[in-house]
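J.: Quick one: the structure is below, and I'll ask about it shortly.
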Amino acid sequence: MFLKLHAPDDYINYLLTAEFRTTLDHNDYRNLQQYKRGLQGEGKFYNLIKDIKGIVCLWDLVLNINGEVQYDFLIISNKRIIHIDIKNYSGIYHYQDGNFQNESGYVHQGLISQLERAHTKLEQFVKHHNLDYQVFSRLLFINPNFRLDHYTGDKRIIFLHQLDTFLDYLRQKTYSDIDVQTGHLLCNHHSPISRNRIHYYPYETMIKGVQCKQCGAIGTFVAQTQRIMMCSCGSLISKEAYILQAIDEITLLKTTPFKRKELNEYTKVNISTIKRYLKKYCNIVGNNKSSRYVKNE
Ligand SMILES: [Zn+2]
């Protein structure tokens, strides 16, 4: 049972929406690619454990225990909390003293010490809340194209070929009401990572239009009927959902209240329909002459 799923933070959300509308700078581009690669690995693991009945799971939790610490997966059952840190590295890596060096010489430092730090903080959390749990932490290399040479063995590391055994172990578990309570307690302490600064790209120069969730194309929807919009890939969406998505995207991209005209240009939907949905979903800021809109919460 999953009590919490992954959700991208504000920074990643912004980059995901802006990605194909402008040219991201090197830093943002790299962060987004890294995020996507990581998420792909985590998604794989999620799919493998989501139907296992006897465990309580949290995906992507951040605790603030004298500093932020992030957990990819926490699995709670039978007085045990198992923390799984997923790595989606691919290629041949050379192992030395807990460091992982890839073929081009890049060294991933401190994977084990990061795991240990997270482990210790989780133990602190357990102790602080008087919970009767033992904490286990494992690093899982989930990519089938990952190879490690000169590996000397470490029980904290799980490789893909060992995953079936681990999944079998999870399938034998059962959870109690206390495990569910513990899961909720951890969720209640989730504090999303705060990023101080997002580099916002100018809205004016971005490619406008609703992005299709099926094919990723931007601005390819046309009205199929009065109430249905269709993308060039054939994907259908109600006009209401289409306008709502436009409002969300503009809000993310503009970061300031938007004008009716901007929503009209973004959606190519006629003004009278736009007016109706603005009334339903948005609040007006400013006076009539230069009315701008923000989505109501
Ligand atoms: Zn599409």
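J.: ³J(HN,Hα) across the stretch 203-211 via Karplus (A = 6.51, B = -1.76, C = 1.60, θ = phi - 60°), whole Hz, x for Gly/Pro?
T.: 4, 4, 8, 7, 6, 9, x, 5, 8
J.: State the extension gain, in nm to one decimal, for the chain segment bounded by E116 and V285, taking 0.36 nm per residue of separation less the distance between their alpha-carbons. Numbers along the way, then the final one.
T.: Details: separation 169, 0.36 × 169 = 60.84 nm, distance 4.94 nm.
Length difference between fully extended and current span is 55.9 nm.
J.: Rounded to the nearest 500 deg cm²/dmol, what is the calculated helix-only ellipticity per residue at 222 nm for the chain, with -39500 (n - 2.57) per DSSP H run of length n ≥ 4?
T.: The helix-only estimate for the chain comes to -11500 deg cm²/dmol at 222 nm.
J.: Heavy-atom accessible area per residue, the chain, 1.4 Å probe: how many Å²?
T.: Dividing the accessible area of the chain by its residue count gives 56 Å².
J.: Using 7 Å Cα-to-Cβ label points, what is the A7/V62 separation (nm, one decimal)?
T.: The two pseudo-label positions are separated by 1.3 nm.
J.: Let me ask something else. Based only on Cα atoms, what mean projected area does the convex hull of the stretch 93-158 have, in nm²? If you can, show how the numbers build up before the last one.
T.: Working: hull surface 20.4 nm².
Orientation-averaged projected area of the Cα hull: 5.1 nm².
J.: I'd like the carbon and sulfur percentage of the solvent accessible area for the chain, probe radius 1.4 Å, heavy atoms only, ligands and nucleic acids excluded.
T.: Result for the chain: 49 percent of the exposed heavy-atom area is carbon or sulfur.
J.: With unit charges on the beta carbon (Lys/Arg positive, Asp/Glu negative), name the residue among Q162, N64, G286 whose Cα is farthest towards the positive pole of the charge dipole of the chain.
T.: G286
J.: Over the stretch 9-70, what per residue volume does the convex hull of the Cα atoms give, in whole Å³?
T.: Values: hull volume 6.8 nm³, N = 62.
In the stretch 9-70, the Cα hull volume divided by residue count equals 109 Å³.
J.: Something else about it: What's the local net charge at G286, with K and R +1, D and E -1, over the other residues with C-beta under 11 Å away?
T.: +3
J.: Sticking with this structure for a sec: Which of the listed residues, L185, V107, Q96, is farthest toward the dipole's positive end in the stretch 79-187, when Lys, Arg count +1 and Asp, Glu count -1 at the beta-carbon?
T.: Most positive-ward Cα: L185.
J.: What is the helix-to-structure angle for 26-49, meaning the angle in degrees between its Cα long axis and the longest Cα principal axis of the chain, kept from 0 to 90 and rounded to the nearest 10?
T.: 60
J.: Strictly under 4.7 angstrom between C-beta atoms: which cysteines of the chain have no such partner?
T.: C57, C187, C282, each lacking another Cys Cβ under 4.7 Å.
J.: What's the tally of Lys pairs in the stretch 2-188 whose alpha-carbon atoms lie under 18 angstrom apart, where the two lysines are 8 or more places apart or on different chains?
T.: 14
J.: In the stretch 5-29, which residues have a backbone nitrogen under 11 Å from the label point lying 7 Å from T205's Cα in the Cα-to-Cβ direction?
T.: 22-25
J.: Now a separate question. Pop out the Kirkwood hydrodynamic radius of the stretch 84-242 from its pairwise C-alpha distances, inverse of mean 1/r, in Å to one decimal.
T.: For the stretch 84-242, inverting the mean 1/r across all distinct Cα pairs yields 20.9 Å.
J.: What ³J(HN,Hα) values, in whole Hz, does the Karplus curve 6.51 cos²θ - 1.76 cosθ + 1.60 give for the stretch 88-96 when θ = phi - 60°, with x put for Gly and Pro?
T.: 9, 5, 10, x, 9, 10, 10, 9, 8
J.: Got a sec? Which residues in the stretch 80-118 would a label at F159 touch, if it sits 7 Å along Cα→Cβ and we count backbone N under 17 Å?
T.: So the set is 87-103.
J.: Among all the aspartates and glutamates, which ones have a C-alpha under 20 Å from K254's C-alpha, if same-chain residues fewer than 8 places away are not counted?
T.: Within reach: D9, D10, E19, D25, D28, E204, E262, E265, E297.
J.: Note down the net charge around E103, summing +1 for each Lys or Arg and -1 for each Asp or Glu among other residues with Cβ under 14 Å from its Cβ.
T.: With Lys, Arg at +1 and Asp, Glu at -1, the net is 0.
J.: Kirkwood Rh over Cα pairs of the chain into Stokes-Einstein at 4 °C, 1.567 mPa s: D in µm²/s?
T.: Details: Rh = 22.2 Å.
Stokes-Einstein gives a translational diffusion coefficient of 58 µm²/s.
J.: Next question. Eigenvalues of the Cα gyration tensor times 5, then square-rooted: what semi-axes does that give for the stretch 208-271, in whole angstrom, largest first? Intermediate values should be presented prior to the final figure.
T.: Numbers: eigenvalues 74, 34, 15 Å².
Here the semi-axes work out to 19, 13, 9 Å.
J.: Further question: Enter the Cα centre distance for the pair the stretch 55-71 and the stretch 250-267, rounded to the nearest angstrom.
T.: The two parts, judged by their Cα centres, are 35 Å apart.
J.: Magnitude of the Cβ-charge dipole of the stretch 2-188, K/R +1 and D/E -1, about the Cα centre, nearest 20 debye?
T.: 380
The values are calculated or read from the model by the stated rules, or taken from the named source; none is laboratory data. Keep in mind it's a predicted model, so treat the numbers as computed, not measured. Note that we place each Cβ from the backbone using ideal geometry, even for glycine, and neighbour counts take in every protein chain shown. Just the protein is used for accessible areas: all its heavy atoms, side chains included, with ligands, DNA and RNA removed. Shrake-Rupley method; radii C 1.70, N 1.55, O 1.52, S 1.80 Å.
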